[in-house]
1. Could you run the Debye sum over the Cα atoms of the range 27-85, one equal point scatterer each and no solvent, and tell me log10 of I(q)/I(0) at q = 0.17, 0.23 Å⁻¹, two decimals?
2. Provide Rg and Dmax in Å for the range 1-59, with only Cα atoms included in the calculation.
3. Tell me which GluC sites (Glu not before Pro) from the range 32-99 have a DSSP coil assignment and no more than 15 other beta carbons within 10 Å of their own.
4. Which of His51, His133 has the fewest other C-beta atoms within 10 Å, and how do the rest follow up to the most?
5. Between Arg391 and Arg228, what FRET efficiency comes out of the Förster formula 1/(1 + (r/R0)^6) with R0 = 45 Å and r the beta carbon distance, rounded to 0.05?
6. How big is the Cα convex hull of the range 337-389 in projection, averaged over all directions, in nm²?
7. In whole percent, what relative contact order does the range 253-404 give with Cα contacts below 8 Å and a gap of six or more residues?
8. I need to check one value: relative contact order of the range 341-399, counting alpha carbon pairs closer than 8 Å and at least 6 residues apart, in percent.
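FYI, it's all coordinate maths here, none of it is from the lab. Predicted model only: the values in this text are computed from it and were never measured. Backbone-built Cβ (ideal geometry, glycine too); neighbour counts: all protein chains shown.
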Amino acid sequence: MTAPRRIAVVGAGAAGLHTAEALRRAGYDGRLTLVGDEEEPPYDRPPLSKHLLSGQWQPDRLTLRDPRALDELRLDLRLGVRARRLDRRARTVHLADGREVPCDAVVIATGVRPRRLPGAGTPGDGTPPAGAHVLRTLADALALRADLCEGPRAGGRLLVVGGGLLGAEAAATAVGIGAEVTWLVSTDTPLAAVLGTETAALLTGLHRGHGVRIHRGTATGLLSRGGRATGVRLADGTDLAADTVLTAIGSEPATEWLADSGLGLDGGVVCDARCAAGPGVWAAGDAACWPDPRTGRHRRLEQRTNATEQALHVARNLLAGPDGTTEVYTPVPYLWTDQYGLRVQAFGSPGAADRFEPVDGSPEEHRFAAACVRDGRVVGAVGIASARALRGLRAQVAAHAPWPPEPA
Ligand SMILES: Cc1cc2nc3c(=O)[nH]c(=O)nc-3n(C[C@H](O)[C@H](O)[C@H](O)COP(=O)(O)OP(=O)(O)OC[C@H]3O[C@@H](n4cnc5c(N)ncnc54)[C@H](O)[C@@H]3O)c2cc1C
């Protein structure tokens, strides 16, 4: 097969942009189409629940590349239009505006979409009632901020549904701008599955200390009256009242446009270890699901750094072609979260550990780095304000090294 002359990247978020940049940097000079269904040029999502929601940053600070840098990529940039279908046989991406993008290779980078609660009492067309929010896009974040800071619900009761990182960050930011926040979680120590019990306990304590009311329960549906959200119903039959509801209960890969493509779509775009989903088809970022070399099980990472790293990887493998040397994707997962002025950083899977081994500081000091160990092996590392010590643990996470470390 000859080198591709036309590449389509679908999804103009971080993974899509970084794929396009990496292709150009590697010398690809053919046609490069970048398709995105949002109107905005590629922007960064992590600040949505932090600096943008708090009002510290305006939307223009989220832009990943200025217009000049985008121009230099010589893209056939199609923004504000959804990819509707991928015809692999004809090697064509069909767009919702009726246009077609012929391509020799396609990179799927369409990310995820937030799950929503069944909207009890919502109008039959499924339109969410006023005051009911999710948080994935710039528009979502601006709408939530407007409800928290302006108009009849400003300074009112915000109910955050979901005990993950997104819910935690939104709760922390919202309480900081004057909302009365209830955080609905399903376990005693939310975030333990991601960050490990010790770090999660520290953060949960900070939430309480800042006035967030933590309520344990499971929401089964959104309540509304007269087209406005009024709270949620819980599995035990009780209702929690609120003026504004943020649903942060996880997401689904945005792969509906691939339904008849013949690609594997089981919990994401199913790829091989090189991030190829089929001949000439690749996937990167939140939508991609590939076999973890350590476990052999397919996994997906919803992490910003992964979007960049996987994009670079895909660009390299794509240009290598089927006869070239392609590489297996073996990332060391990395995430961060900002809450109450602290930045928590983590490698690997701290939540999978059965032992927490601080190598610097301690959670009580709000400054530490710790190895997270399971069955005598380092499966993760987590830390706050101890970047150097944490970085030192990264190699041990990557190597799944024994703990305690073997003498040199
Ligand atoms: C509020 C928030 C805070 C976060 N904070 C952190 C954090 O602190 N740390 C961290 O590590 N990670 C964080 N993340 C996760 C991180 O932002 C994501 O992992 C990253 O943005 C994934 O990039 P992506 O390009 O794969 O997907 P996305 O950024 O979602 O980009 C996909 C793009 O494709 C578009 N699209 C979807 N379907 C179609 C279609 N059919 N046709 C055309 N376009 C389509 C989408 O609208 C979107 O624009 C956060 C995410 C959110 C939402």
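1. -0.69, -0.98
2. Values for the range 1-59 (Cα only, Rg and Dmax): 15.0, 51 Å.
3. Values: sites: Glu38, Glu39, Glu72; in loops: Glu38, Glu39.
When the GluC sites (Glu not before Pro) of the range 32-99 are filtered for loop state and at most 15 Cβ neighbours within 10 Å, Glu39 remain.
4. Numbers: His51 16, His133 24.
The most exposed by this proxy come first: His51, His133.
5. On the way: r = 48 Å, r/R0 = 1.07.
That pair, Arg228 with Arg391, gives E of 0.40.
6. If I average the Cα hull's projected area over directions, I get 3.5 nm².
7. Numbers: 292 pairs, mean separation 20.8, N = 152.
Relative CO of the range 253-404 lands at 14 percent.
8. Values: 127 pairs, mean separation 20.9, N = 59.
The normalised contact order for the range 341-399 reaches 35 percent.
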